[in-house]
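The structure under discussion appears below in the form of structure tokens.
FYI, it's all coordinate maths here, none of it is from the lab. Because the structure is a prediction, the values reported are computed rather than measured. Because the Cβ atoms are built from the backbone with ideal geometry, glycine has one as well, and the counts that use them run over all protein chains shown.
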Amino acid sequence: MTGQVMADIDPTTRDSMTAMKRGLRGRCPSCGRGRMFRAFLKVADECPACGEPLHHHRADDAPSYFVILIVGHLVVPLVFMVETEYAPPYWVHFSLWLPLTLGLAIGLLQPIKGAIVAWQWAHFMHGFGGRDSGEIDAPLASSGRDTSP
Ligand SMILES: [Zn+2]
């Protein structure tokens, strides 16, 4: 990691909102330039732009939980509203809600996972340089570059 990049990263505070906005766009929470994902839901081991290690994330099934929560709260009221107002045949329900549910779920998974990984990064969780664990310098030490004189 270069001195310029190190100067841009405050090792004691990280802005959660900025990081999560970057994560929502699939960008590195640290620099906002590099891609966070190397595949649809595979987080890159490190940022290709600044080298920030991203493999520490433990998003696990939190993204799917939040996607189900959000999509459910959008689609279920719509289903009830359409049914009570129009009472369409079942094939209309099927052709409306299945594509909408699948589209929303697939469309939201990566942005939400990006935001969760960024939130973990901003809160120094799971090896992202935890304050309590004394691992603040861990991202620099694990960058693969020898910083010793
Ligand atoms: Zn980066």
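Backbone amide hydrogens, once placed in the peptide plane, bring Arg27 within less than 5 Å of Met36, excluding anything fewer than 5 places away on its chain. Here the Karplus relation 6.51 cos²θ - 1.76 cosθ + 1.60, evaluated at θ = phi - 60°, turns the backbone of the stretch 39-47 into coupling constants of 8, 3, 10, 8, 6, 5, 5, 8, 5 Hz, with x for every Gly and Pro. Amide H contacts of Ala49: Gly34, Arg35, each under 5 Å away and 5 or more positions distant or on a separate chain (H built 1.01 Å from N in the peptide plane; Pro and chain starts excluded).
The slack between Val82 and Lys21, meaning 0.36 nm per residue of separation minus the straight C-alpha distance, is 18.6 nm. Averaging Cα coordinates gives a centre for the stretch 32-57 and one for the stretch 68-109; these two points are 33 Å apart.
Here the peptides 31-43, 68-80, 86-98, 103-115 are ranked by packing, the mean other Cβ count within 10 Å, and the order with the highest first is 103-115, 31-43, 68-80, 86-98. The modelled label-to-label distance for the pair His73/His93, using points 7 Å beyond Cα in the direction of Cβ, is 2.4 nm. Between Ala39 and Met125, the distance separating the two model label sites (each 7 Å from Cα on the Cα→Cβ line) works out to 2.4 nm.
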